[in-house]
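*Asks:* Below you'll find the structure I mean.
Each value in this text was obtained by applying a stated rule to the coordinates, not by laboratory testing. The structure presented is a predicted model; accordingly, all values stated were derived computationally and were not measured. Neighbour counts are summed over all protein chains in view; Cβ atoms, including those assigned to glycine, are modelled from backbone coordinates with ideal geometry.
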Amino acid sequence: MIARGGFSGLFPDSSYDAYNFAILTSVPDAVLWCDVQLTKDALGICFPDLTMRNSSSIEAVYPTRQKSYPVNGVPTSGWFTIDFSLKDLKDVNLIRGILSRSEKFDGNSNPIMTVQSVSTQMKPSFFWLNVQHDAFYAQHNLSMSSFLVAASKTVLIDFISSPEVNFFKKIAGRFGRNGPSLVFRFLGQDEFEPTTNRTYGSILSNLTFVKTFASGILVPKSYILPLDDQQYLLPHTSLVQDAHKAGLEVFVSGFANDIDIAHDYSFDPVSEYLSFVDNGNFSVDGVLSDFPITASASLGKQSVVYRIKHFLVKTLLEILKIESLFSYFPQIASPTLAETLQNKVWELIILLCILP
């Protein structure tokens, strides 16, 4: 079970609170996921995107420092990590990156964490670093591979993933025999891999090629269980079996409790996880989730405990939805009701933390 940015479905992605809550409430061998970005002074931070506006307070702190750069050939505007030193970012806090999620925890002081601080403060059982834009950093004279090699001397890195083929060529052999597992990340089948100019769909047809530089693949759910136009499941593909035959582990991305899923699951995200890990035909090697409690309910040996936790999280999310309505319809929010709901939120969070 891989916790994307920690418990990012509830707390700001890659924040201390998100990572800590994921560790407290998930299976013991949970993997913490960090999207690595490089700062102006070549330091690695855990942050969900190349630009910082959506998931941080960067615009409020530096309102005039927006810039524009080409990213994989597409002109992109925003507050880029490469324009700020780590010192510059000390007053920038992490906030929710998906506006449909609760703003309840945006007011918490959640500073941006470095790769090293996540490792030392969280002490994860397993640590996964995702490198989404190595080519972009190289264009700006910043070396992601050099950072990772240097970081590996003090940080235990278990997995490194990237959607860029050339990145793996750069790091080949640089970590020694006991280095991290290298995982090639597939994006949309019609999207172009930026360093080979081939679509990910075409690369998928040659898994023996992927095996030459990676030991695993990370794919969207639709690569394995596609949907029709009505959001119903189509027959599963043979990808998992084909990849395992080629000697590749298979990890799946795109799991969250608050997004639409196939109607076949009857709105039950646990059923969706089980269709990937225990369906009688194949079993993937890991799932990447914004809600690690729910993934734990599907994968954990103490599944009953985690299913209880999943129910508590489901209740918590419903309360947060009600609270968010108060900002749009203040006439329905009495002070007594608002206080009661707020107390319930913290009661549920405490209960989730103390359950074994």
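*Asks:* Using unit Cβ charges (K, R positive; D, E negative) and no other charged atoms, how large, in debye to the nearest 20, is the dipole of the chain about its Cα centre?
*Replies:* 1020 debye
*Asks:* Next up: What share of the DSSP beta bridges in the range 2-301 is antiparallel, in percent to the nearest 5?
*Replies:* Antiparallel bridges: around 35 percent, rounded to the nearest 5.
*Asks:* Taking K and R as +1 and D and E as -1, what net charge do the other residues with C-beta under 10 Å from the C-beta of Gln132 add up to?
*Replies:* -3
*Asks:* Something else about it: Straight-line reach from Lys309: which lysines have Cα under 18 Å away, leaving out those fewer than 8 places along the same chain?
*Replies:* List returned: Lys301, Lys344.
*Asks:* Compute all pairwise cysteine Cβ distances in the chain, then list the cysteines with no distance under 4.7 Å to another cysteine.
*Replies:* Cys353
*Asks:* So for the chain, taking the charge dipole from beta-carbon charges (+1 Lys/Arg, -1 Asp/Glu), which of Ser205, Phe267, Thr120 sits furthest toward the positive end?
*Replies:* Of the options given, the answer is Thr120.
*Asks:* Can I ask one more? Work out the charge dipole of the chain with +1 on the Cβ of Lys and Arg and -1 on the Cβ of Asp and Glu about the Cα centre, then indicate which of Ala246, Thr294, Asn281 is farthest towards its positive end.
*Replies:* Ala246
*Asks:* Which of the aspartates and glutamates could a cross-linker span from Lys40 if the Cα-Cα distance has to be under 14 Å and same-chain partners fewer than 8 positions apart are dropped?
*Replies:* Leaving aside aspartates and glutamates fewer than 8 places away in the same chain, those within reach of Lys40 are Asp83, Asp88.
*Asks:* With a Förster radius of 30 Å, plug the Cβ-Cβ distance of Ser283 and Arg174 into 1/(1 + (r/R0)^6) and report the FRET value to the nearest 0.05.
*Replies:* After rounding to 0.05, the efficiency reads 0.40.
*Asks:* Of the labelled options (i) 23.5, 76; (ii) 20.5, 63; (iii) 21.0, 73, which one gives Rg and Dmax of the Cα atoms in Å as computed for this structure?
*Replies:* (ii)
*Asks:* How do the peptides 261-270, 139-148, 110-119, 169-178 rank, highest first, by the average count of neighbouring beta carbon atoms within 10 Å per residue?
*Replies:* With the highest mean Cβ count within 10 Å placed first, the list reads 110-119, 139-148, 261-270, 169-178.
*Asks:* Using a Förster distance of 35 angstrom, determine the FRET efficiency expected from the C-beta separation of Leu234 and Lys314, and round it to 0.05.
*Replies:* Efficiency, from the Cβ-Cβ distance: 0.80.
*Asks:* Over the range 165-299, with a single point scatterer placed on each C-alpha, what log10 of the ratio I(q)/I(0) does the Debye formula yield at q = 0.11, 0.12 1/Å?
*Replies:* Ignoring solvent entirely, the Cα scatterers give -0.43, -0.51.
*Asks:* Test of understanding: in a Gaussian network model of the chain with alpha carbons linked when under 10 Å, which of Ala214, Ala138, Ala18 would top the mean-square fluctuation ranking?
*Replies:* Among Ala214, Ala138, Ala18, the largest GNM mean-square fluctuation belongs to Ala138.
*Asks:* Could you tell me the center-to-center distance, by alpha carbons, between the range 72-103 and the range 232-259 in angstrom?
*Replies:* 31 Å
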